[in-house]
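Please read the structure below before turning to the comments.
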Amino acid sequence: MLASALVTPELPSLRPPFALRARVLTPLAAGGTYHEPDGLLLVDAAGRLTFVGAAGDRPAEAATALDLRPWVVLPGLIDLHAHLPQLPNAGLGAGLDVLTWLDRYIFPLERGFDEAAAERLAPIAWRAFAAAGTTTAVVHGAVYEASLDAAFQAAAAHGIRAVIGKVMMDRLTYDPTIEPATILERSLRESSDLIARWHGRDGGRLRYAVTPRFAVSCTAEMLRESAALADSTGAYWQTHLSEDRGEIAEVARLFPDALDYVDVYERAGGLGVRTILAHAVHLSDRELGRLVATGSHVAHCPVSNLFLASGVMPLARYLEAGLSVGLGSDVAGGPELSIFTAMRVGFYAQNAMRVAGLASGPALGPFDWLRLGTLGGAQALGIDDLVGSLEPGKEADLIAVDPAFVASVPGSIDDDPEDLMSRLMFRAHPDMVRAAWVRGRALEGPGARG
């Protein structure tokens, strides 16, 4: 069909309750994918979806709805892994191994991420996430407590759903002002104070993740005490795992008694249902089994894994084993924030494994990648009862996408929903997200350049 001319609505002024008329595409919690070419979404005053279905089933409400057709409404995307202070360095250091890249590009940048820097950057970053279609972001901060307060304050004002954590490092650190003997106690105290101030704020829209950077930068005591803090407060616990071979070798050197990298975290008490592990590219069968058995979750970051030549995750093997997986941009290891790009690169990487004879079975299709980038992330965070799909009773975290930006021929739009999702993955355009909402509140960012 042909796209009709459409004047951009005044979306930022939209507040619940409201009704939207648009094409609807969403995974379903019970399985499968729902598509409605002429759909209607009703959002109540509390920002929850009360109806998702065909406009013809509710003609009275459809007649007064804000008509976004031919735009497509999708669940808001969920980015399970990114680094807030690193946004200015996105796109730098391609091909370097992780440890070299950290020393050359990242630690010097994070060293300057104090309160003033966070006050400048965080509002820009949250708008950029929303412009990319991300309504839930799970991010690492820097080591400075005040900069985390500023990041949370900016997220509170912006309206995005965010899980944020102060990076913890006591084996090596980029903060020369802290006496080494006091790092552990201070980092735990500051993290505890941040949890008290921010975890669960605004009815759970803002949450905290206790964030030991990774085993290379943390002693066994730091890992153990940080895991205990997360457990006692109900916060998340996030870190990096098995990103590249050099990192894995260094972890084996630092923790000679551990069976493997996963065992380092398990001995610390870090595995569990509130644990988000970024990358996990190179897992043994034993490690994979332990992550599945403990209910731990993995943030798959295919763009950064190729950008830094870290490796290619055997995703099909992990999913077949029952591992919980969502997607992450990993900015600045990944050069951009778009989860649509993560879907595309992830598809290419898995196809490369199949061509090389390193993977078998059916390839994931466009709907599978949509599920990973939405409901998969929500399940990893334990909030799939609230977000991740467009279904009555859930909170209205959603995005509106203009398919005209991904059309191969101007004026054409795909009628088939899987073809449409394929275009959004493989022809993703930086301006295609025209609006984003969390709990029915429009987020600043999308459409700013349109």
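Condition (residue is under 21 Å from the mean Cα position of the chain (by Cα), outside any helix (DSSP H, G or I) and more than 30 Å from D263 (Cα to Cα)) applied to segment 160-169: is it met by at least one residue?
Within segment 160-169, one or more residues are under 21 Å from the mean Cα position of the chain (by Cα), outside any helix (DSSP H, G or I) and more than 30 Å from D263 (Cα to Cα).
V331 is checked against (1) under 21 Å from W126 (Cα atoms); (2) assigned to a helix (DSSP H, G or I) and fails just one. What number does that condition carry?
For V331, the exception is condition (2).
Picking from R224, R201, which residue would you name as being closer than 24 Å to T135 by Cα, touching a residue at least 24 places away in the same chain (Cβ under 8 Å) and out of contact with any His (no Cβ under 7 Å at 6 or more places or on another chain)?
After ruling out the rest, the residue left standing is R201.
For segment 91-109, give me the residue count where each residue is hydrophobic (A, V, I, L, M, F, W, C), out of contact with any Leu (no Cβ under 8 Å at 6 or more places or on another chain) and outside any helix (DSSP H, G or I).
1
Only one of (1) surrounded by fewer than 24 Cβ atoms within 10 Å (Cβ to Cβ); (2) closer than 22 Å to A162 by Cβ fails for M353. Which number is that?
If we test M353 against (1) surrounded by fewer than 24 Cβ atoms within 10 Å (Cβ to Cβ); (2) closer than 22 Å to A162 by Cβ, just (2) comes out false.
Going through L87, L102 one at a time, which residue ends up being buried (at least 17 other Cβ atoms within 10 Å of the Cβ), of a type in the set (A, V, I, L, M), free of Cβ contacts under 8 Å to residues at least 40 places away in the same chain and in the same structural domain as E221 (by TED's automatic domain parsing)?
Sole residue among the options that is buried (at least 17 other Cβ atoms within 10 Å of the Cβ), of a type in the set (A, V, I, L, M), free of Cβ contacts under 8 Å to residues at least 40 places away in the same chain and in the same structural domain as E221 (by TED's automatic domain parsing): L102.
Across segment 171-192, what is the number of residues that are over 26 Å from the mean Cα position of the chain (by Cα) and either of a type in the set (S, T, Y) or modelled with pLDDT under 90 (or both)?
Qualifying residue count, segment 171-192: 9.
Any residue in segment 359-376 that is outside the structural domain of T33 (by TED's automatic domain parsing), in a loop (DSSP other than H, G, I, E, B), touching a Pro at 6+ places or on another chain (Cβ under 7 Å) and in contact (Cβ under 8 Å) with a residue 12 or more places away in the chain?
So far as segment 359-376 goes, yes, one or more of its residues are outside the structural domain of T33 (by TED's automatic domain parsing), in a loop (DSSP other than H, G, I, E, B), touching a Pro at 6+ places or on another chain (Cβ under 7 Å) and in contact (Cβ under 8 Å) with a residue 12 or more places away in the chain.
Could you check, for segment 400-423, whether at least one of its residues is of a type outside the set (K, R), under 17 Å from the mean Cα position of the chain (by Cα) and surrounded by 21 or more Cβ atoms within 10 Å (Cβ to Cβ)?
no
Could we say that E36 is assigned to a helix (DSSP H, G or I) and either among the hydroxyl-bearing types (S, T, Y) or on the phi < 0 side of the Ramachandran plot (or both) here?
no
Based on this model, can you work out whether P392 counts as over 19 Å from the mean Cα position of the chain (by Cα), surrounded by fewer than 23 Cβ atoms within 10 Å (Cβ to Cβ) and assigned to a loop (DSSP other than H, G, I, E, B)?
Answer is yes for this residue.
The values are calculated or read from the model by the stated rules, or taken from the named source; none is laboratory data. Since this is a predicted model, take the numbers as computed values, not measurements. Every residue, glycine among them, receives a Cβ derived from its backbone with ideal geometry; neighbour counts consider all protein chains shown.
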